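Enquirer: This is the structure, below, for whatever I ask next.
The values are calculated or read from the model by the stated rules, or taken from the named source; none is laboratory data. Computed from a predicted structure; not experimentally measured. As a convention, Cβ positions derive from the backbone with ideal geometry for all residues, glycine included, and neighbour counts pool all protein chains shown. Side chains included, ligands, DNA and RNA excluded: accessible areas come from the protein's heavy atoms. Shrake-Rupley method; radii C 1.70, N 1.55, O 1.52, S 1.80 Å.
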Amino acid sequence: MENTPKNGIQGLIENWQSDLIAAVSVALIALPLSLGIALAAGAPAMSGIFSAIVGGVVTTLYRGGHISVNGPAKGVIGVILLGITLMDDGSGQAFNYVLAAVVVSGALQTLLGLLKLGRLADIFHSSVIQGILAAIGIIIFAKQIHVAMGTHSDSPSIIQNLIDAVVYLPQANPFVVVIALSGLLLLLFHSKISNRFFHLLPAPMWVIALSIPFVYAFNFFDVQTLSIFGKAYEVGPTLLLDIPDTITDSIMHPNFSKINTIEFWTTVFSMLIITSIESLAIAKAVDKIDPYKRKTDLNKDLTGIGLSTMVAGLIGGLPIIAVIIRSTVNIHNGAKTKWSNMYQGLLLLLFIVVLSPIMRQVPLCAFAILLVYTGFKLASPAVFKQVYNQGTEQLVFFIGTMILTLYTNLLIGLLGGLLLALVTHMLLAKLSIPQFFKMVYKSRTKLVKRPDGSFDLKIRGIANFLGIIKVDKLVAQIPSGADVNIDLSETRLVGMTYMDYLVEYLKIQRATGGKVFITGLDSHVSSSTYNRALKISLASSSKLSQRQKRLRNLATEKDYQYASQVDWNTIYLKKFHFFEIRPIERKYNCLKGTFKDVDMSWEIADVTYNEGQAFTAETFNTTLMVLKLNKKIPVFTMEKEGVLEKIFDRVMAFTGYKDIDFDMYPDFSKKFLLMGNNEAEIRSFFTDEIIRFFENHQIYHLESNGEALIIFDKIKLARTDETIAFIEYGKELATLLNAKISS
């Protein structure tokens with residue numbers, strides 16, 4: 001790994017070029033999305049741009065993050081819509097009242113940061129937050145689908161908006177729909193288009209750029225009626241983006257006259273809670289994919305975002321948060337310091353000044369389809385499946401919060417979801433209310449230092465989201481690099497949010513050199529195989545599944561080692577590119593052995609990992625083999641040709657890797673996508689015998705880190721017969737490689 005980039009002005013001087021290049025890509029994505037987010041929130045379009053500029057310029061000057069990008073995001077849409085609805089008194093000042101709420105929310109957020117309360121976000125149940133985000137997704141979809149169809153629903157009810165979208169479908173304006181559908185197809189298939197020209201711009205910019213020819217073809221610049229299939233439809237400038245001629249004309253100021261109303265403070269606290277939680281969650285998610293493994297100062301970040309939100313509110317902007325999509329693009333395009341965030345803000349200012357005449361030619365339906373797509377992803381069937389896989393009770397929390405939010409507002413949805421989670425925990429723990437809270441707050445959880453300098457963290461009672469602040473205080477007493485054993489054997493219930501906290505601490509402490517183990521869960525059961533799922537202590541819960549029994553019997557028969565328990569030590573897997581940028585949750589059902597004839601050890605294990613970040617992350621399970629060669633070989637990745645988009649990281653294509661083909665072996669080259677930096681070494685390594693081996697065997701994903709191989713087949717857990725096939729495959733390959741390495 002390269003040396004960690006310097007901070008401050010020295011970092012700016014040394015890395016300005018790479019930061020600026022990354023900022024160009026980020027700004028190109030931020031431009032259409034910032035405009036679209038503002039429109040979806042019922043705010044003037046330039047409000048989104050103001051937030052993105054302030055988020056880039058002001059936040060960079062005082063922030064706790066190193067490489068994240070700040071600006072408006074989809075999470076603020078529901079908050080702004082809520083504020084406009086609650087405070088609309090018919091005076092035309094509704095958005096000005098909301099701007100006042102933005103300023104006050106920013107001030108409170110700054111105070112939270114100064115009081116070092118950034119960790120408070122950990123107590124909010126993750127499934128409840130996901131439920132709120134899904135509700136926001138439905139709100140965005142319900143509002144923007146009408147813009148994408150050229151229809152209009154007057155109902156204040158989100159559910160009625162969705163019903164109206166179906167009812168009004170026959171009335172949809174085909175000249176608007178064709179633009180929206182073209183944009184949707186581009187969003188769906190942009191990553192699958194191989195032509196490099198289409199990858200010069202990010203997908204949102206292509207949606208905007210390709211909508212403009214339609215505007216000219218249908219002449220949206222003049223009010224007129226166009227006919228198709230005997231029906232007439234109106235088109236005109238009202239279907240285009242309307243932004244003022246100058247930036248100063250776009251500035252709006254807050255109106256504090258509603259500050260003494262319950263509606264104002266409902267908006268403030270909804271804004272404060274949602275933006276703070278999302279910002280802190282995304283900050284932690286960005287830390288996971290930072291190639292230099294730097295850690296965000298959450299309290300300082302909260303303060304910086306609060307100050308920026310105040311500035312944005314004073315000039316007509318939306319609340320500011322850390323934005324995961326833009327941050328990911330920033331990292332993948334080579335940004336190294338916080339100054340890339342400032343560059344993208346300044347570039348946005350330049351773009352909006354230079355491109356404003358062009359932006360006025362963009363149809364509103366182009367922005368709408370970007371948000372329809374975003375809204376759908378937030379509440380797609382895949383999200384419901386992901387939550388269900390984390391436990392049946394998590395789906396209850398998720399759906400309950402989502403429905404409550406849709407029928408009331410974000411604040412009531414959040415509080416109601418937390419109450420639902422709390423009541424469910426009481427029922428599952430089978431405790432009375434006084435007993436439950438006693439086991440939360442008087443649980444006798446304690447930290448003990450051993451004579452050898454290691455620590456025992458003994459957690460007792462009810463370990464759920466209410467107890468995170470207490471355990472956080474204990475954890476703060478453990479020095480970096482110390483060994484820690486976290487014992488959960490005396491817990492009655494361990495909630496998912498609590499497990500999230502412990503696993504995150506485990507990863508942080510291990511990164512400092514400490515050994516951390518989570519023990520005592522053998523007598524707990526859960527409704528899911530997800531390792532962070534809610535767990536309840538039951539006496540009869542230590543039974544193995546049928547699959548685990550078969551693996552144990554296989555180990556006994558063949559003299560292998562088998563352990564069903566979770567092995568939290570997954571550091572070695574991070575040495576492979578596939579897992580370098582995919583957070584690993586756990587490794588379990590570990591089967592170990594040695595190919596004695598060639599003196600190569602192997603391990604087959606089930607691995608759970610995440611794809612994506614923060615609340616949109618998907619969890620996958622796979623069974624893989626690690627084959628340790630004890631010799632140096634080239635670093636490469638080999639994958640079935642044609643599944644690049646599904647399984648192999650596309651970023652590889654931008655880091656010097658390319659598909660290596662062998663002219664003498666066309667069948668091999670058609671079957672496999674072979675990639676690596678040192679092409680000469682790889683070609684030398686892939687001899688006729690090795691190529692023929694791969695041609696004549698099952699196609700696996702196979703990757704070398706220079707001293708070992710990981711091999712896996714599908715994104716699913718292997719059956720026992722597939723595990724046996726794994727071992728046979730590994731033995732044949734090990735024998736072949738040993739002969740080559742030894743010769």
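Enquirer: Quick one: which of 401, 424 is open to solvent by less than 10 Å² (accessible area, probe 1.4 Å) and either more than 24 Å from the chain's Cα centre (by Cα) or on the phi < 0 side of the Ramachandran plot (or both)?
Expert: Details: 424 fails: open to solvent by less than 10 Å² (accessible area, probe 1.4 Å).
Just one listed residue meets the conditions, 401.
Enquirer: Between residues in region 91-119 that are free of Cβ contacts under 8 Å to residues at least 60 places away in the same chain and closer than 19 Å to residue 259 by Cβ and residues that are part of a helix (DSSP H, G or I) and of a type outside the set (D, E, K, R), which pairs lie under 6 Å by C-beta distance while being six or more apart or on different chains?
Expert: As it stands, the answer is 94/84; 94/87, since those pairs meet every condition given.
Enquirer: Take region 471-484 and flag every residue that is in a helix (DSSP H, G or I) and either surrounded by 15 or more Cβ atoms within 10 Å (Cβ to Cβ) or among the hydroxyl-bearing types (Ser, Thr, Tyr) (or both). Steps first, answer last, please.
Expert: If we filter region 471-484 for residues that are in a helix (DSSP H, G or I), which is where we start, we get 471-475.
471, 472, 474, 475, listed by residue number.
Enquirer: Right, next: So residue 630 passes all but one of these: (1) within 31 Å of the chain's Cα centre (by Cα); (2) within 17 Å of residue 708 (Cα to Cα); (3) at pLDDT below 85. Which condition number does it fail?
Expert: For residue 630, the failing item is (1).
Enquirer: Among all residue pairs at least 6 apart or on different chains, which show Cβ distances below 8 Å where the first residue, located in region 663-678, is hydroxyl-bearing (Ser, Thr, Tyr) and the second is buried (at least 17 other Cβ atoms within 10 Å of the Cβ)?
Expert: Note: pairs meeting the criteria are 665/691.
Enquirer: Does residue 551 fit the bill of being outside any helix (DSSP H, G or I) and either surrounded by 21 or more Cβ atoms within 10 Å (Cβ to Cβ) or among the aromatic types (Phe, Trp, Tyr) (or both)?
Expert: Values: outside any helix (DSSP H, G or I): no; either surrounded by 21 or more Cβ atoms within 10 Å (Cβ to Cβ) or among the aromatic types (Phe, Trp, Tyr) (or both): yes.
So residue 551 does not fit the description; no.
Enquirer: Also, quick follow-up: Say whether the condition of being modelled with pLDDT of 85 or more and either surrounded by 14 or more Cβ atoms within 10 Å (Cβ to Cβ) or among the β-branched types (Val, Ile, Thr) (or both) is met by at least one residue in region 648-659. Give the steps one after another, and end with the answer.
Expert: Quick first cut of region 648-659, residues modelled with pLDDT of 85 or more only: none.
Within region 648-659 (the criterion being modelled with pLDDT of 85 or more and either surrounded by 14 or more Cβ atoms within 10 Å (Cβ to Cβ) or among the β-branched types (Val, Ile, Thr) (or both)), the answer is no, since none of the residues qualifies.
Enquirer: A further question follows. Return the residues of region 485-514 that are among the charged types (D, E, K, R), part of a strand (DSSP E or B) and in contact (Cβ under 8 Å) with a residue 60 or more places away in the chain; say none if nothing qualifies.
Expert: The one that is among the charged types (D, E, K, R), part of a strand (DSSP E or B) and in contact (Cβ under 8 Å) with a residue 60 or more places away in the chain: 492.
Enquirer: Which of the residues spanning region 296-326 are under 14 Å from residue 110 (Cα atoms), β-branched (Val, Ile, Thr) and in contact with a Phe, Trp or Tyr (Cβ under 8 Å, 6 or more places away or on another chain)?
Expert: The one that is under 14 Å from residue 110 (Cα atoms), β-branched (Val, Ile, Thr) and in contact with a Phe, Trp or Tyr (Cβ under 8 Å, 6 or more places away or on another chain): 303.
Enquirer: Scan (1) assigned to a helix (DSSP H, G or I); (2) without any contact (Cβ under 8 Å) to a residue 40 or more places away in the chain for the single condition residue 413 breaks and write down its number.
Expert: Among (1) assigned to a helix (DSSP H, G or I); (2) without any contact (Cβ under 8 Å) to a residue 40 or more places away in the chain, the lone unmet condition for residue 413 is (2).
Enquirer: Something else about it: Within region 598-611, how many residues turn out to be open to solvent by 10 Å² or more (accessible area, probe 1.4 Å) and at pLDDT below 85?
Expert: 2
Enquirer: Now, a different point. Have a look at 614, 708 and point out the one that is at pLDDT 90 or above, among the aliphatic types (A, V, I, L, M), crowded, with 17+ Cβ neighbours inside 10 Å and under 32 Å from the mean Cα position of the chain (by Cα). Spell out how you get there, then give the answer.
Expert: On the way: 614 fails: at pLDDT 90 or above.
Result: 708 is the single residue among 614, 708 that is at pLDDT 90 or above, among the aliphatic types (A, V, I, L, M), crowded, with 17+ Cβ neighbours inside 10 Å and under 32 Å from the mean Cα position of the chain (by Cα).
Enquirer: Go through region 1-22 and give me each residue that's surrounded by 21 or more Cβ atoms within 10 Å (Cβ to Cβ) and closer than 18 Å to residue 199 by Cβ.
Expert: Scanning region 1-22 gives a single hit, 22.
Enquirer: Check 428, 370 and return the single one that is in a helix (DSSP H, G or I) and in contact with a Pro (Cβ under 7 Å, 6 or more places away or on another chain). Please lay out each step first, then the result.
Expert: Values: 428 fails: in contact with a Pro (Cβ under 7 Å, 6 or more places away or on another chain).
Step by step, each of 428, 370 is checked, and only 370 is in a helix (DSSP H, G or I) and in contact with a Pro (Cβ under 7 Å, 6 or more places away or on another chain).
Enquirer: Find the residue count for region 230-267, including only residues that are over 18 Å from residue 178 (Cβ atoms), surrounded by fewer than 17 Cβ atoms within 10 Å (Cβ to Cβ) and among the small types (Gly, Ala, Ser).
Expert: Qualifying residue count for the region: 1.
Enquirer: Looking only at region 657-697, how many residues end up being of a type outside the set (A, V, I, L, M) and farther than 22 Å from residue 577 by Cα?
Expert: The first filter runs over region 657-697 and keeps only residues of a type outside the set (A, V, I, L, M), leaving 657-659, 661-663, 665-672, 676-679, 681, 683-689, 692-697.
From what is left, the residues that are farther than 22 Å from residue 577 by Cα are 662-663, 665-668, 670, 687-689, 692-693, 695-697.
So the answer is 15.
Enquirer: Report yes if residue 122 is in a helix (DSSP H, G or I) and surrounded by fewer than 24 Cβ atoms within 10 Å (Cβ to Cβ), otherwise no. Before the answer, list the steps.
Expert: On the way: in a helix (DSSP H, G or I): yes; surrounded by fewer than 24 Cβ atoms within 10 Å (Cβ to Cβ): yes.
So residue 122 passes the test.
Enquirer: Something else now. Here are the criteria: (1) more than 30 Å from residue 405 (Cβ to Cβ); (2) within 29 Å of the chain's Cα centre (by Cα); (3) in contact (Cβ under 8 Å) with a residue 12 or more places away in the chain. Tell me which single one residue 180 does not satisfy.
Expert: Tallying (1) more than 30 Å from residue 405 (Cβ to Cβ); (2) within 29 Å of the chain's Cα centre (by Cα); (3) in contact (Cβ under 8 Å) with a residue 12 or more places away in the chain, residue 180 fails exactly one: (1).
Enquirer: Now a separate question. For region 515-531, indicate whether the set of residues that are in a helix (DSSP H, G or I), open to solvent by less than 30 Å² (accessible area, probe 1.4 Å), within 23 Å of residue 620 (Cα to Cα) and not hydroxyl-bearing (Ser, Thr, Tyr) is non-empty.
Expert: If we filter region 515-531 for residues that are in a helix (DSSP H, G or I), which is where we start, we get none.
Checking region 515-531: not a single residue is in a helix (DSSP H, G or I), open to solvent by less than 30 Å² (accessible area, probe 1.4 Å), within 23 Å of residue 620 (Cα to Cα) and not hydroxyl-bearing (Ser, Thr, Tyr).
Per-residue answers, yes or no, for (1) in a loop (DSSP other than H, G, I, E, B); (2) aliphatic (A, V, I, L, M); (3) surrounded by fewer than 24 Cβ atoms within 10 Å (Cβ to Cβ):
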position: 43; (1), (2), (3): yes, yes, no
position: 54; (1), (2), (3): no, yes, no
position: 63; (1), (2), (3): yes, no, no
position: 70; (1), (2), (3): no, no, no
position: 82; (1), (2), (3): no, yes, no
position: 86; (1), (2), (3): no, yes, yes
position: 90; (1), (2), (3): yes, no, yes
position: 97; (1), (2), (3): no, no, no
position: 103; (1), (2), (3): no, yes, yes
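Enquirer: Next up: Residue by residue through region 193-229, note down the ones that are of a type in the set (Gly, Ala, Ser) and either open to solvent by 50 Å² or more (accessible area, probe 1.4 Å) or in a loop (DSSP other than H, G, I, E, B) (or both).
Expert: Initial filter on region 193-229 (of a type in the set (Gly, Ala, Ser)): 194, 203, 209, 211, 217, 227.
Hits for region 193-229 are 194, 217, 227.
Enquirer: Determine, yes or no, whether residue 623 is at pLDDT below 85, surrounded by 18 or more Cβ atoms within 10 Å (Cβ to Cβ) and either in a strand (DSSP E or B) or among the β-branched types (Val, Ile, Thr) (or both). Give the derivation first.
Expert: Values: at pLDDT below 85: no; surrounded by 18 or more Cβ atoms within 10 Å (Cβ to Cβ): yes; either in a strand (DSSP E or B) or among the β-branched types (Val, Ile, Thr) (or both): yes.
It is false that residue 623 is at pLDDT below 85, surrounded by 18 or more Cβ atoms within 10 Å (Cβ to Cβ) and either in a strand (DSSP E or B) or among the β-branched types (Val, Ile, Thr) (or both).
Enquirer: In addition: Looking at region 322-331, is at least one residue over 22 Å from the mean Cα position of the chain (by Cα) and either in contact (Cβ under 8 Å) with a residue 24 or more places away in the chain or part of a helix (DSSP H, G or I) (or both)?
Expert: Narrowing region 322-331 to residues over 22 Å from the mean Cα position of the chain (by Cα): none.
Among the residues of region 322-331, not one is over 22 Å from the mean Cα position of the chain (by Cα) and either in contact (Cβ under 8 Å) with a residue 24 or more places away in the chain or part of a helix (DSSP H, G or I) (or both), which makes the answer no.
Enquirer: Kindly list the number of the only condition in (1) of a type in the set (Gly, Ala, Ser); (2) open to solvent by 10 Å² or more (accessible area, probe 1.4 Å); (3) within 27 Å of the chain's Cα centre (by Cα) that fails for residue 391.
Expert: Failed condition: (2).
Enquirer: Which condition number in (1) under 24 Å from residue 133 (Cβ atoms); (2) open to solvent by less than 20 Å² (accessible area, probe 1.4 Å); (3) in contact with a Ser or Thr (Cβ under 9 Å, 6 or more places away or on another chain) is the one that residue 277 fails?
Expert: Failing condition for residue 277: (3).
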